[in-house]
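Trainee: Below is one structure. I have some questions about it.
The values are calculated or read from the model by the stated rules, or taken from the named source; none is laboratory data. Keep in mind the model is a prediction, meaning the values are calculated, not measured. Using ideal geometry, Cβ is built from the backbone for each residue, glycine included, and neighbour counts are taken over all protein chains shown.
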């Protein structure tokens, strides 16, 4: 390829890239620490408190059952020598079944807790997304990234919308219209 051909290809490439580069220069970005927003908005705090209370009550219930089984095992161990082989095997089998049932109950509680958390957080997440969208629309942001899950390694704090999202959510219960305009570049 001649020098003239190479220069022509370069000129065409640059002419195609310049509008793209200009558009990229006008692109405004922001990011949000979603996890922090969830922990700091009033609705998130209330939901977390409700979930924690439910989890604690379930844990107390399981702990009580576990203590009963522990005492039953101690009693079985003490009385095992006085029992017939058949009775000892039957009681040990019954105890194992109770332990298995308790383990199943614990596992069911874990999945139920995850489902409760999903149901509690779903409307809060939707409202947070609305606040973020309102702020992005108002400030002309082309993209808003989630700080932790986006692969974002570094960003200047001036692009962090987290505090504004929290203030807007708590102040307007999901409306960001009264939030002050933050300069974004």
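Trainee: Can you tell me which of 138, 116, 127 is within 19 Å of residue 54 (Cα to Cα), part of a helix (DSSP H, G or I) and in contact (Cβ under 8 Å) with a residue 12 or more places away in the chain?
Mentor: Step by step, each of 138, 116, 127 is checked, and only 116 is within 19 Å of residue 54 (Cα to Cα), part of a helix (DSSP H, G or I) and in contact (Cβ under 8 Å) with a residue 12 or more places away in the chain.
Residue-by-condition table, conditions (1) surrounded by 13 or more Cβ atoms within 10 Å (Cβ to Cβ); (2) at pLDDT 95 or above; (3) more than 18 Å from the chain's Cα centre (by Cα):
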residue	(1), (2), (3)
128	yes, yes, no
139	yes, no, yes
145	yes, no, no
154	no, no, yes
165	yes, yes, no
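Residue-by-condition table, conditions (1) touching a strand residue (DSSP E or B) at 6+ places or on another chain (Cβ under 8 Å); (2) within 30 Å of residue 169 (Cβ to Cβ); (3) surrounded by 10 or more Cβ atoms within 10 Å (Cβ to Cβ):
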site: 42; (1), (2), (3): no, yes, yes
site: 46; (1), (2), (3): no, yes, yes
site: 59; (1), (2), (3): no, no, yes
site: 76; (1), (2), (3): no, no, yes
site: 81; (1), (2), (3): no, no, no
site: 89; (1), (2), (3): no, no, yes
site: 94; (1), (2), (3): no, no, yes
site: 109; (1), (2), (3): no, no, yes
